[in-house]
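Asks: Please read through the structure below; I'll follow up with questions.
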């Protein structure tokens, strides 16, 4: 999946930390640190939450940031109720593999996830990555336009 993202989408930088990968759209390498927000991530362990059980051998979770409208088309309004660990109450089995789900922590910001994408989700995942990349490119262009002298 990492290779697919880097080979398919232009202007993407991959930052790595603790075995996880954060994909940022920054074609000119000029985004200030506070604006370097990923449009997709690959998480390989339970460092942020444990509900996806990423401690299983070979397990990873692909996370994708969507527009509000796209998220709503897939799952309805974004959830807001959290349990005592901060996990959003969506009724989803976050450990299920090859199933598109609301993100356990960031669904309220319109993020979705898939543990070990495979045959059931691969086409949709690739479509969502294309949309997320395009959304990141629009935000980047808007940021550059605001910075340009009039």
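Asks: If each residue of separation counts as 0.36 nm, what is the full-extension length gain between residue 84 and residue 36 once their alpha-carbon separation is subtracted?
Replies: 14.4 nm
Asks: What does the helix-only formula give at 222 nm for the chain: each DSSP H stretch with n ≥ 4 adding -39500 (n - 2.57), the total divided by the residues, and the result rounded to the nearest 500 deg cm²/dmol? The partial results should precede the final answer.
Replies: Values: 3 runs with 41 residues, N = 150.
The per-residue figure over the chain is -9000 deg cm²/dmol.
Asks: For the chain, take the longest principal axis of its alpha carbons; what is the angle in degrees between that and the long axis of helix 122-147, to the nearest 10 within 0 to 90?
Replies: Orientation of helix 122-147: about 40 degrees from the principal axis.
Asks: Further question on the same structure: Could you work out Rg/(2.2 N^0.38 Å) for the chain, with Rg from alpha carbons only?
Replies: Dividing the Cα radius of gyration by 2.2 N^0.38 Å gives 1.05.
Asks: Ordered by packing density, taken as the mean number of other Cβ atoms within 10 Å over each peptide's residues, highest first, how do 32-41, 131-140 rank?
Replies: Details: 32-41: 15.2, 131-140: 17.9.
Those peptides, ordered most packed to least, come out 131-140, 32-41.
Asks: Let me ask another. Below 8 Å between Cα atoms, with a sequence gap of 6+, how large is the relative contact order for the chain in percent?
Replies: Over the chain, the number comes to 19 percent.
Each reported figure results from applying straightforward, stated rules to the coordinates on display, with no laboratory input. Treat the numbers as computed from the prediction; the structure is a model and nothing was measured. As a convention, Cβ positions derive from the backbone with ideal geometry for all residues, glycine included, and neighbour counts pool all protein chains shown.
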